[in-house]
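For reference, the structure is listed below as structure tokens.
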Amino acid sequence: MARIGVFICHCGENISATVDCEKVAKVASEFPGVTVSVDYKYMCSDPGQNMVKEAILEHNLTGVVVSACSPRMHEPTFRNACAEAGLNPFLCEMANIREHCSWVHEKSDATTDKAIDIVRTLVEKVKRNEALAPIYVPITKTAVVIGGGVAGIQASLDIADAGHKVVLVEREPSIGGHMSQLSETFPTLDCSQCILTPRMVDVARHPNITLYTYAEIESVDGSIGNFNVKIRLKSKSLDEKLCTGCGACIQKCPVKKIPSEFEQGLGKRTAIYVPFPQAVPNKPVIDRVNCTYYIKGKCKVCEIVCPTKAIRFDQEDSFVEVQAGALLLATGFDVLKTNFFPEYGYGKYEDVIDGLAFERLASASGPTKGEIRRPSDGEIPKKIVFIACAGSRDPAKGIEYCSKICCMYTAKHAMLYKHKVHEGTPYIFYMDIRATGKMYEEFVRRAIEEDEVKYIRGRVSQVYEKNGKLIVRGVDTLLMGQPVEIEADMVVLATAGIASPGSEELAQKLHVSYDKHKFFSEAHPKLKPVETNTAGIYLAGACQSTKDIPETVAAASGAAAKIAGLFSNDLLKRDPLIAVVKKCAPPLYSSCTGCFMCIPVCPYQAIDKEEIKDRSGNIIKTISHINPGLCQGCGTCVAFCKSKSIDILGYNHDQVCAEVEALLNEW
Amino acid sequence: METNNTNNFEPKVVAFVCNWCTYAGADLTGTSRIKYATNVKIIRFPCTGRIDFMLLMKAFANGADGIIISGCHPNDCHYTSGNFHARRRWMIFRNLLDFIGMDVNRIVFSWVSAAEGAKWAEVVNESVDQFRQLGPATSYQKLIKNSEFQEVE
């Protein structure tokens, strides 16, 4: 005989404002099998949880329904509470009357009736729940970190320092990411490379870190604790073991005029190249698209000059497979490019550049050695107009979000310009100034007050060229919408931060969710900011949403702590909500007919064949067998099974049928 | 499409949704406080691939006037391919429904991701309107006797 306890939560007023919780509790107390039904203001609080525990002990309950928020929120909380009172945690279910009822409907009888129906459904389900024991799987204590920017570097070092193995995968020839391109960092104006490059070297030297550059993720399978990651090592046309990084090949390479990606096209590089002088590893790769040998079949100058004979023209992509317990996504962001802004002449006029290109101009290691010179003629600009929110917060361009970093780096750019060109005048067109970090507001005030940066609140409608000047036409909304026209020598657009190219493909390979802008989604915006919805895969940095460096580093260390936490156990506890083949007594042993339809539909290759033998070892029949370590509990095989021989624990046939009946019968 | 002009008719709608996308999407509808019709009640499944389509017949037998099935978008399935199996099964099942004389408009098949709280409200409201137009679904109910599953004591 079922003895179910029903606990209705008011959630402060979140539920009780639209649902008559007392009535729900009263009606639920009359459901068949319900022994106790109460309502309380905050069920998840300590006294609330104690109510559940005491009721379990007092009434010897066989099942609990907590009717409150989404199970995605508090199911673990209440399952733990049940376990503490000695009730198997899988005999506890949550009826979601907040997200799916009180918050989406107005106060009415229909809303209360819906809540009652939801509770009834879960009561019928929980009556059919079985006591289950968690599954334990061993954990491979290696983390694969994808992306070698500051997030990946920080996380790799943190995990490696905790004593675990790390495999860091970077698709460019060097780690460093966007941070290595930056000139100076806000709000302290310390040099970006001075902070970052020692960390890059630490990564290369760390005994626990294996670094694969110029490499990409080919495929991932497995699950938390035991992923199998296949990594494609793109051919560098180089034997890395022999190469000493002397750079003779780079000096002699005859192809010298390729726009450098690292310099944002403002500088040039050779066909065999390292992206920048402080690259880690500091060994070159051959860009096969531009190399004369790969185009015309002859040249091989690099091979001739190489003192260690390390060049390998016939090298092909190779693959390594890594067993890992956790994955960390740190693939970063990119800035909006192309001719997205025809009205600003971006891509049309050489002197209209983006923020990242300005970073290179201002960087001491950049193409101008840190002098601010315009790309078209190398002159020092007398007036620069910075346009904030170029693309960001602009629904017309499809980007509603705030890129978050532009207000600050634009203020920084204007300051750097003023520091280097004292007689110059920087103008900033802005919508709002969002300076919310520590010392950020003070930094912007400094730009305005000490460095006399001219902030103009308003949007720019057009940038066009006239007599060698860029005419910027905008509006000053603080002067009653008065039109403003500035003859500038250079225009810098703070273009929107966007997801790194390839994010979508990567997300699909890893089965992590992403938002409509292709940024990876966190498991919970507040409580699980560094986890994805896929167990064992974590997030750090700007691949989640554009972030500045302090936030990125904090997220990376957070994710690293999560991974170190996971690795602190030898065994991983997993929910046992998996599929099972039903067994029965001889002579049939199972209703499974051996059609094996379930095998090809299983996404995890978790199903194989099992032979049932009699005492003398003769095979009686062959049936399906599900490997509990591999099964993830999707239940696709259950729906495919024609003889209803497979069922899934936690969502079994009886449970879901009872739910359908309970939902509809009293409606 | 059958039409029925009973204006006061409120259809009973069961939503079969997957845990990872649409259930979470419906949670987001709640968190965003977007309102929708009370007619829809949700049953959670691990994946749309788990949904045995006999359950849809069971829902009709028990008095549902309309059904929504919703899961992750193609390529976004938490389990890689469950939603593709569900879609393929649906393509076949809807022919069968049509053949036995059920109005296929009584089932709405959609994709709602965990980020699409507003879309879930749209799907619900549009479906409820559609089912309201169709009127009560009684033809299949009359054929079936209830309670093949006994009460658990």
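Is it the case that residue A:480 is on the phi > 0 side of the Ramachandran plot and either within 14 Å of another protein chain (Cβ to nearest Cβ) or of a type in the set (A, V, I, L, M) (or both)?
Considered against the rule, which asks whether it is on the phi > 0 side of the Ramachandran plot and either within 14 Å of another protein chain (Cβ to nearest Cβ) or of a type in the set (A, V, I, L, M) (or both), residue A:480 comes out as yes.
May I ask you to list the residues in the stretch A:483-508 that are within 14 Å of another protein chain (Cβ to nearest Cβ) and more than 16 Å from residue A:336 (Cα to Cα)?
Once the filter is applied, which keeps residues that are within 14 Å of another protein chain (Cβ to nearest Cβ) and more than 16 Å from residue A:336 (Cα to Cα), the stretch A:483-508 yields A:504, A:505, A:506, A:507, A:508.
Before we move on, is residue A:376 assigned by TED's automatic domain parsing to the domain that holds residue A:494, in a loop (DSSP other than H, G, I, E, B) and under 22 Å from residue A:192 (Cα atoms)?
No; evaluated as a whole, the condition is false for this residue.
If residue B:61 meets every condition in (1) within 15 Å of residue B:138 (Cα to Cα); (2) surrounded by fewer than 23 Cβ atoms within 10 Å (Cβ to Cβ); (3) at the interface with chain A (Cβ under 8 Å from one of its Cβ atoms) apart from one, which number is that one?
The single condition residue B:61 does not satisfy is (3).
With respect to residue A:556, determine if the residue is surrounded by 21 or more Cβ atoms within 10 Å (Cβ to Cβ) and part of a strand (DSSP E or B).
Judged against the criteria, residue A:556 is not a match.
Within the set of pairs 6+ apart or on separate chains, which have a first residue in the stretch A:435-449 that is in contact (Cβ under 8 Å) with a residue 12 or more places away in the chain, a second that is in a loop (DSSP other than H, G, I, E, B), and C-beta atoms under 6 Å apart?
A:439/A:187; A:440/A:187; A:443/A:186; A:443/A:187; A:444/A:433; A:444/A:435; A:447/A:453
Out of everything in the stretch A:395-418 that is in contact (Cβ under 8 Å) with a residue 40 or more places away in the chain and among the charged types (D, E, K, R), what residue ends up being farthest from residue A:370 (Cα to Cα)?
So the residue we want is A:397.
Going through A:536, A:474, A:541 one at a time, which residue ends up being surrounded by 15 or more Cβ atoms within 10 Å (Cβ to Cβ) and not assigned by TED's automatic domain parsing to the domain that holds residue A:219?
Only one candidate passes the filter, namely A:474.
Would you please name the residue that is surrounded by the fewest Cβ atoms within 10 Å (Cβ to Cβ), looking only at residues in the stretch A:435-463 that are hydroxyl-bearing (Ser, Thr, Tyr) and over 34 Å from the mean Cα position of the chain (by Cα)?
A:461
Need a quick list: helices (runs of 4 or more DSSP H) entirely within the stretch A:590-667 having at least 1 residues that are more than 8 Å from every other protein chain (Cβ to nearest Cβ) and touching a strand residue (DSSP E or B) at 6+ places or on another chain (Cβ under 7 Å).
A:598-601, A:636-640
Given the criterion assigned by TED's automatic domain parsing to the domain that holds residue A:354, of a type in the set (Phe, Trp, Tyr), at negative phi and in contact (Cβ under 8 Å) with a residue 40 or more places away in the chain, identify the matching residue among A:430, A:455.
Answer to the selection: A:430.
Looking only at strands (runs of 3 or more DSSP E) that lie completely in the stretch A:247-348, which have at least 3 residues being closer than 30 Å to residue A:536 by Cβ?
Values: elements: A:318-324, A:326-329, A:333-335.
Strands (runs of 3 or more DSSP E) meeting the threshold: A:318-324, A:326-329.
If I go through the stretch A:118-141 residue by residue, how many of them are surrounded by fewer than 22 Cβ atoms within 10 Å (Cβ to Cβ) and among the aliphatic types (A, V, I, L, M)?
The qualifying residues number 6.
Could you check the stretch A:559-593 and list, in sequence order, the residues that are charged (D, E, K, R), over 24 Å from the mean Cα position of the chain (by Cα) and crowded, with 16+ Cβ neighbours inside 10 Å? Break it down stepwise before answering.
Of the stretch A:559-593, the ones charged (D, E, K, R) are A:562, A:570, A:573-575, A:582-583.
Subsequent filtering for residues that are over 24 Å from the mean Cα position of the chain (by Cα) retains A:570, A:582-583.
Correct list: A:582 only.
Please tell me if residue B:33 is without any contact (Cβ under 8 Å) to a residue 60 or more places away in the chain, in a helix (DSSP H, G or I) and farther than 16 Å from residue A:661 by Cα.
no
Inside the stretch A:303-347, can you point out the residues that are of a type outside the set (Val, Ile, Thr), in contact (Cβ under 8 Å) with a residue 60 or more places away in the chain and either touching a Pro at 6+ places or on another chain (Cβ under 6 Å) or within 26 Å of residue A:493 (Cα to Cα) (or both)?
Within the stretch A:303-347, A:330, A:332, A:333, A:334, A:336, A:337, A:340, A:341, A:343, A:344, A:345, A:346 qualify.
Do you know which residues across the stretch A:142-173 are of a type in the set (Ser, Thr, Tyr) and either assigned to a loop (DSSP other than H, G, I, E, B) or surrounded by fewer than 24 Cβ atoms within 10 Å (Cβ to Cβ) (or both)?
At the first step, the residues of the stretch A:142-173 found to be of a type in the set (Ser, Thr, Tyr) are A:142, A:156.
Once the filter is applied, which keeps residues that are of a type in the set (Ser, Thr, Tyr) and either assigned to a loop (DSSP other than H, G, I, E, B) or surrounded by fewer than 24 Cβ atoms within 10 Å (Cβ to Cβ) (or both), the stretch A:142-173 yields only A:142.
Inspect all residues belonging to the stretch A:409-416 and state whether any of them is surrounded by fewer than 20 Cβ atoms within 10 Å (Cβ to Cβ) and assigned by TED's automatic domain parsing to the domain that holds residue A:469.
no
Among the residues of the stretch A:98-138, write down those that are more than 10 Å from chain B (Cβ to nearest Cβ), in a loop (DSSP other than H, G, I, E, B) and of a type in the set (A, V, I, L, M).
A:131, A:132, A:133
Here's a check for you: in the stretch B:127-142, which residue that is surrounded by 18 or more Cβ atoms within 10 Å (Cβ to Cβ) and not aromatic (Phe, Trp, Tyr) is farthest from residue B:41 (Cα to Cα)?
In this case the residue turns out to be B:134.
Can you report the number of residues in the stretch B:67-79 which are assigned to a loop (DSSP other than H, G, I, E, B) and either touching a helix residue (DSSP H, G or I) at 6+ places or on another chain (Cβ under 9 Å) or more than 8 Å from chain A (Cβ to nearest Cβ) (or both)?
Number satisfying all stated conditions: 7.
So in the stretch B:41-55, with the set limited to residues that are out of contact with any Lys or Arg (no Cβ under 9 Å at 6 or more places or on another chain) and more than 7 Å from every other protein chain (Cβ to nearest Cβ), which one is surrounded by the fewest Cβ atoms within 10 Å (Cβ to Cβ)?
B:54
The values are calculated or read from the model by the stated rules, or taken from the named source; none is laboratory data. Bear in mind that the values here come from a model prediction, so they are computed numbers and not experimental data. Here the Cβ is made from the backbone with ideal geometry for all residues, glycine too, and neighbour counts use every protein chain on show.
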